[in-house]
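Here is the structure we will look at.
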Amino acid sequence: MQHTFDNVQPGQTVCFRAGTYPLTVSSGYNQRLKNSGTSSSPITFTNYPGEVAIIHGNTLVAGAYVTFV
């Protein structure tokens, strides 16, 4: 997850496959999303069509124009 968060660029859509993504850290945030999209090119995170992905953990979203659908 963190690798994806570190490399995603404005205008990109990240699709998660079905499953549970457990993120284990003893304290604080499990991952941090610092990258930002723009008003015309947001960053979007979503599931593959017909699939359900569960991200389990704490995520700090510090970027702007980021959407989880």
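The numbers here are math on the coordinates, done by the rules we state, and not lab data. Source: prediction; values computed, not measured.
Nearest 500 deg cm²/dmol is fine: what mean residue ellipticity at 222 nm does the chain get from its DSSP H runs of n ≥ 4 alone, each adding -39,500 (n - 2.57), divided by its residue count?
Calculated mean residue ellipticity at 222 nm is -2000 deg cm²/dmol.
Could you run the Karplus curve 6.51 cos²θ - 1.76 cosθ + 1.60 with θ = phi - 60° over the stretch 11-16 and give me ³J(HN,Hα) per residue in whole Hz, x for Gly and Pro?
So the Karplus estimates, Gly and Pro as x, are x, 8, 10, 9, 10, 9 Hz.
List, in order, the whole-Hz ³J(HN,Hα) value for each residue of the stretch 35-41 obtained from phi through the Karplus relation with A = 6.51, B = -1.76, C = 1.60 and θ = phi - 60°; use x for Gly and Pro.
5, 10, x, 10, 4, 9, 9
Multiplying the sequence separation of Ala18 and Ala53 by 0.36 nm and subtracting their Cα-Cα distance, what value in nm do you get?
Working it through step by step, the gained length comes to 12.1 nm.
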